[in-house]
Amino acid sequence: MKNIAPAIFSPNGIGDTKPTNQAVLDWVHEIGKLTKPENIFWCDGSERENEFLIAESLKQNVLIKLNEKKVPRSYLHRSNPNDVARVEKVTFICTPTKEEAGPTNNWSEPADTYSKLYGLLNGAMRGRTMFVVPYIMGPPDSPLTKVGFEITDSKYVVLSMRIMTRMGKIALKRLGNDPKAEWNRGVHSLLDVDPDRRFICHFPQDNTIISVGSGYGGNVLLSKKCFALRIGSYLARKQGWMAEHMLILGVESPEGRKHYVAAAFPSACGKTNFAMLIPPAHFKGWKVTTVGDDIAWMEIRDGRLFAVNPENGYFGVVPGTSYKSNPNAMKSIEHDTLYTNVALTDDNDVWWEGKDGAPPEHAIEWRGDDWTPDSKEKAAHPNSRFATPMGNNPALDPDVEKGEGLPISAIIFGGRRSDTVPLVYEAFDWNHGVYLGATMASETTAAATGAVGKVRRDPMAMLPFCGYNIGDYFRHWMDIGKRLTNPPLIFNVNWFRKGANGKFLWPGFGENMRVLKWVIDRCERTGGALKSPVGWLPSPHDLDLEELDIDHKSVADLLGIDHEEWQKELAEHEAFFGSLGGVVPEELQKQRKQLVARFKE
Ligand code: GTP
Ligand code: SPV
Ligand code: MN
């Protein structure tokens, strides 16, 4: 195999922080025997280690140093052009039976899959360094927090994991020496980054992930989609909590009343932007703070849902990010940021489509070729990303480290829908809310390989991330509802409805505060609403639209329920449930029939 990741040799005191837990040592030994690396590098998460790894990555062209004045301590990484997004068709849930994985997951038999993957991993790290990355997901002192180890032959993965998780000694301490303690085993090898030898496999019953053949984000930062969502959702159901593809934000009124809101939007549908929202001038004294931008782990306490962000950084979509759309993100990525697949300007700054100001006259596009504004190709890949520590975010919530989590007042579902779905509406109750989540759909984005812009059902934004049978997942949501005496209200939003001219009807971004305010009003029982067949719908005067440049017709179109479009939508709900082959709980079928009936009233 081609060696695309040559070994590095570290001085004494770097790369030698061996864990003491025998179960970890045994596992690393086993994977080492299999992959046959040149040497083993035990990460401790220290500054010195990070500097050493960056220096080695620069030497091997894994990283390009950016302009120190313009973007201090920041780097550009280019992934293989065949490897720029999650690949859902080679992502597998390897439960003992196919039924456990359910109708929405690719399934493959565990023993066969282990043997296939071990075959691919045999000798895969010859001439390479095998890094052992200990990390925790969750605040250091939270009961929800979990330990993971990722073995990888990619320096980019190690550097990214240090940003995205609490990495190093903190995890060794949390794990302790109990050989029976619960921890996630993640094995990653780049192999030769061949799409034909690319597999992302999950063994929930073993708390194990094996990912080979990719070097890109969601495929290889095993803490994130693989552990915190796929394995996480499996453990959550078994242990009675929730692992969700949700942002968490805090919203505080001028009077100092604070609510926390969690929102599930599919990949590249606005979570990071919503979590970093800056209210428009009209909302003087209102403050929005970020707890998390992608994943929420939630548990029930005192009949309420409490959420933590298991991550420590943001792996966010770059294109479209500007001081106009998301100033907090811009400030977060001005320094100490690892960029992937953006364009490089002649003065070693980064550039992407949608960045403030004029495009550069010349740049090196994401693959490494020359680019000018006349080029047909995009300079930055549509799924180019930044990895930045959450500590960089000026709007970071002060209680983000609170171990007990933060009480959730509202859950919001949403997706990209050009038509049919109104700007915002509220479910009648928890189970109706579960129905909204279960039937949500979105136009696909560049976050995963495949067609972009195709409407697909993506229940709770978890279609690619639910690590078990989706029917059981729906049931788990309803079981959680039964245990909540003070449940969050559930809403659905759509920032992406388009008018006859094909343009977005809603300005979005900071102006989403107007929708968030109505959500909060409803939580405080002060907001008005009209009963519609789909749920509680604000009338135009229930939304605070003051100082917003929008005409009456657009507002009416945004809030409208078009019965013809909804007849089509209802048929799609039925077809979707039908396609799941009988796993949909009776209660959700009942919800669907009630929705159909309400349209006939
Ligand atoms: P993942 O990290 O893939 O899970 O995505 P995400 O849900 O965090 O999406 P993100 O906030 O990064 O947004 C993705 C794209 O949607 C970006 O190009 C944004 O500019 C765009 N976007 C976000 N919010 C809005 C909005 O309110 N209106 C419009 N029109 N576009 C938006
Ligand atoms: C997503 O696709 O939902 C992401 C980006 O958050 S990745 O981590 O690459 O999956
Ligand atoms: Mn995501």
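Some values worked out for this structure:
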{"read-out": "Phi to ³J(HN,Hα) by Karplus 6.51 cos²θ - 1.76 cosθ + 1.60 over the stretch 249-257, Hz, x for Gly, Pro", "value": "10, x, 9, 10, 7, x, 7, x, 7"}
{"read-out": "Signed unit charges on C-beta, dipole axis of the stretch 381-523, positive-most listed residue G415, V519, G499", "value": "G499"}
{"read-out": "Reachable aspartates and glutamates, given that their alpha-carbon falls under 19 Å from the alpha-carbon of K98 and they are not under 8 places away in the same chain", "value": "E88, E109, D112, D206, D472"}
{"read-out": "Kirkwood-Stokes translational diffusion coefficient of the stretch 384-484, alpha-carbon pairs, 20 °C, 1.002 mPa s, µm²/s", "value": "131"}
{"read-out": "The chain - share of DSSP beta bridges that are antiparallel (%, nearest 5)", "value": "65"}
{"read-out": "Within the chain: Cβ-based charge dipole about Cα centre, in debye rounded to nearest 20 (Lys, Arg +1; Asp, Glu -1)", "value": "860"}
{"read-out": "Residue-by-residue Karplus 3J(HN,Hα) for the stretch 49-56, coefficients 6.51, -1.76, 1.60, Hz, glycine and proline x", "value": "4, 4, 4, 4, 5, 5, 4, 5"}
{"read-out": "Cut-off under 5 Å, modelled amide H: who pairs with V318 long-range", "value": "S384, R385, F386"}
{"read-out": "Listed residue (L190, I93, P140) projecting farthest to the positive dipole end of the chain, Cβ model", "value": "I93"}
{"read-out": "Per residue, in Å², the accessible surface of the chain once ligands and nucleic acids are set aside, probe 1.4 Å", "value": "38"}
{"read-out": "For the stretch 330-391, convex hull volume per residue from C-alpha positions, Å³", "value": "88"}
{"read-out": "Viscosity 0.692 mPa s, temperature 37 °C, Stokes-Einstein D of the stretch 250-370 from Kirkwood C-alpha radius, µm²/s", "value": "197"}
{"read-out": "Overall dimensions of the stretch 70-125 as given by Cα atoms, namely Rg and Dmax in Å", "value": "17.2, 53"}
{"read-out": "Residues listed by number, the stretch 23-61, amide nitrogen under 19 Å from K180 label point at 7 Å toward C-beta", "value": "23-27"}
{"read-out": "Per-residue HN-Hα couplings for the stretch 497-507 [Karplus 6.51, -1.76, 1.60; θ = phi - 60°; Hz; x = Gly/Pro]", "value": "5, 10, x, 4, 7, x, 9, 4, 7, 10, x"}
{"read-out": "Helix 155-164 vs. the chain, principal-axis angle (Cα, 0 to 90°, nearest 10)", "value": "40"}
{"read-out": "Accessible-area composition of the stretch 366-408, carbon plus sulfur, in percent [1.4 Å probe]", "value": "44"}
{"read-out": "In degrees, nearest ten, helix 513-523 long axis to first principal axis of the chain (Cα)", "value": "70"}
{"read-out": "The stretch 468-543 and the stretch 398-447: distance between their alpha carbon centers, rounded to Å", "value": "7"}
{"read-out": "The chain: radius of gyration over Cα atoms, expressed as a fraction of 2.2 N^0.38 Å", "value": "0.94"}
{"read-out": "Charge dipole (debye, nearest 20) of the stretch 104-195; +1 at Cβ of Lys and Arg, -1 at Cβ of Asp and Glu", "value": "460"}
{"read-out": "Within the stretch 381-456: Cβ-based charge dipole about Cα centre, in debye rounded to nearest 20 (Lys, Arg +1; Asp, Glu -1)", "value": "480"}
{"read-out": "Placed amide H near F265: partners under 5 Å, 5+ positions off or other chain", "value": "L247"}
{"read-out": "Given charges at Cβ of Lys, Arg, Asp, Glu: the chain dipole, positive-most of V84, I14, T272", "value": "I14"}
{"read-out": "Contour minus Cα-Cα distance for V455 and D194 (0.36 nm per residue)", "value": "91.0 nm"}
{"read-out": "Alpha-carbon Debye profile of the stretch 28-119, log10 I(q)/I(0) at 0.19, 0.25 Å⁻¹", "value": "-1.06, -1.20"}
{"read-out": "Compactness relative to 2.2 N^0.38 Å, alpha carbon Rg of the stretch 508-601", "value": "1.33"}
{"read-out": "For the chain, calculated [θ]222 nm from helices alone, where every DSSP H run of n ≥ 4 adds -39500 (n - 2.57)", "value": "-7500 deg cm²/dmol"}
{"read-out": "The stretch 189-289 - Kirkwood radius from inverse mean 1/r over Cα pairs (Å)", "value": "16.3"}
{"read-out": "Relative packing of 258-269, 518-529, which averages over residues the other C-beta atoms within 10 Å, highest first", "value": "258-269, 518-529"}
{"read-out": "Residues whose placed amide H lies under 5 Å from that of F491, excluding near-sequence neighbours", "value": "I411, I412, F413, A427"}
{"read-out": "For the stretch 102-181, projected area of the alpha-carbon convex hull averaged over all directions, nm²", "value": "7.9"}
{"read-out": "Principal axis dimensions, the stretch 49-168 - Cα atoms, whole angstrom, descending", "value": "55, 38, 26"}
{"read-out": "Sulfur and carbon atoms: percent of accessible area, the stretch 145-240 [1.4 Å]", "value": "46"}
{"read-out": "Carbon/sulfur fraction of accessible area - the stretch 490-548, other protein chains in place, 1.4 Å, %", "value": "52"}
{"read-out": "Over the stretch 1-73 - Rg/Rh using Cα atoms and the Kirkwood inverse-distance radius", "value": "1.05"}
{"read-out": "Cα-based convex hull, the stretch 314-428, per residue volume (Å³, whole number)", "value": "149"}
{"read-out": "Rounded to 5, percent antiparallel among DSSP beta bridges of the stretch 1-135", "value": "30"}
{"read-out": "Among beta bridges that DSSP assigns inside the stretch 351-507, antiparallel share in %, nearest 5", "value": "65"}
{"read-out": "Average projected area [Cα convex hull, the stretch 492-531], square nanometres", "value": "3.6"}
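The values are calculated or read from the model by the stated rules, or taken from the named source; none is laboratory data. These numbers were taken from a predicted model, which means no experiment stands behind them. Neighbour counts run over all protein chains shown; Cβ positions are idealised from the backbone, glycine included. Just so you know, the surface numbers come from the protein's heavy atoms only, side chains and all, with ligands and any DNA or RNA stripped out. Shrake-Rupley method; radii C 1.70, N 1.55, O 1.52, S 1.80 Å.
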